[in-house]
1. Which numbered condition in (1) more than 22 Å from the chain's Cα centre (by Cα); (2) surrounded by 19 or more Cβ atoms within 10 Å (Cβ to Cβ); (3) closer than 29 Å to residue 145 by Cβ is the only one that residue 193 fails?
2. For the stretch 91-111, check the following and say yes or no: at least one residue is out of contact with any helix residue (DSSP H, G or I) (no Cβ under 9 Å at 6 or more places or on another chain), closer than 19 Å to residue 177 by Cα and loosely packed, with under 14 Cβ neighbours inside 10 Å.
3. Look at the stretch 191-234 and say how many of its residues are in a helix (DSSP H, G or I) and farther than 22 Å from residue 171 by Cα.
4. Only one of 119, 82 is modelled with pLDDT of 85 or more, surrounded by 16 or more Cβ atoms within 10 Å (Cβ to Cβ) and at negative phi. Can you tell me which?
5. Could you please find all residues in the stretch 38-64 being buried (at least 17 other Cβ atoms within 10 Å of the Cβ) and over 25 Å from the mean Cα position of the chain (by Cα)?
6. Taking the stretch 228-254 as the search range and keeping residues that are surrounded by 19 or more Cβ atoms within 10 Å (Cβ to Cβ) and either more than 22 Å from the chain's Cα centre (by Cα) or under 25 Å from residue 167 (Cβ atoms) (or both), which one is modelled with the lowest pLDDT?
7. Regarding the stretch 34-43, can at least one residue be identified that is part of a helix (DSSP H, G or I) and farther than 30 Å from residue 118 by Cβ?
């Protein structure tokens, strides 16, 4: 009976340790995010001015409207949301680090030394996606939307609605640009190799253009602006998979 109990306890320990590790990573992530939000709140007006600049420029150029609030508390609530979004952005390197540290026990010791480079790569790619969305997509998309609006229509844009769509797009672009990191991880655990990605290239093109159509305005140019970088990152992923994959090649793949 004692041996059975010891065996059961031994089998439970890995799961318990895994849950403790998860709790530790979540606590660190929440503390880092809270700290980032607190700092961001002191600069919330400057952050908002920067975030809304593309839309303000489009409104001034078109002369078709302005930003507005539609509820008494909308201004204050929007400031809190801006601080929360900015706090997540500032804490993103720590968040990525905690994610990779949680995954690390499943990797070989040699691969665990790559956590810091992966965190740096994840952060750079995420910020690159956000910067691309802000400088390219926003500048083009907002002007496009206002230009197709009838001349006799005055735009009164809710600041809360603008923040929601801007945040969704920026986060989506940042996550899309994580493709090389995702490919590296899948390659290292032996799920894919470069032949899989080459053979699935036609399906990847359809998926990329479908994603671009979902995330961007309904016009060909803006879809191409997002699909182009994603196709380039897919090509980078093929190279990464070829160098890093642990999946054995079948005879039919060689």
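The values are calculated or read from the model by the stated rules, or taken from the named source; none is laboratory data. All values derive from a computational prediction rather than experimental measurement. Quick reminder, even Gly has a Cβ in these numbers, built from the backbone with ideal geometry, and neighbours come from all protein chains shown.
1. Result: residue 193 passes all but (3).
2. No - not one qualifying residue is present in the stretch 91-111.
3. Residues in the stretch 191-234 being in a helix (DSSP H, G or I) and farther than 22 Å from residue 171 by Cα: 9 in total.
4. Checking each option against the conditions leaves just 82.
5. Passing the criteria: 58, 59, 64.
6. Result: 245.
7. For the stretch 34-43, residues part of a helix (DSSP H, G or I) and farther than 30 Å from residue 118 by Cβ: present.
A quick yes/no check of all residues on (1) under 16 Å from the mean Cα position of the chain (by Cα); (2) modelled with pLDDT under 75; (3) part of a helix (DSSP H, G or I):
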position	(1), (2), (3)
101	no, no, yes
125	yes, no, yes
151	no, yes, no
169	yes, no, yes
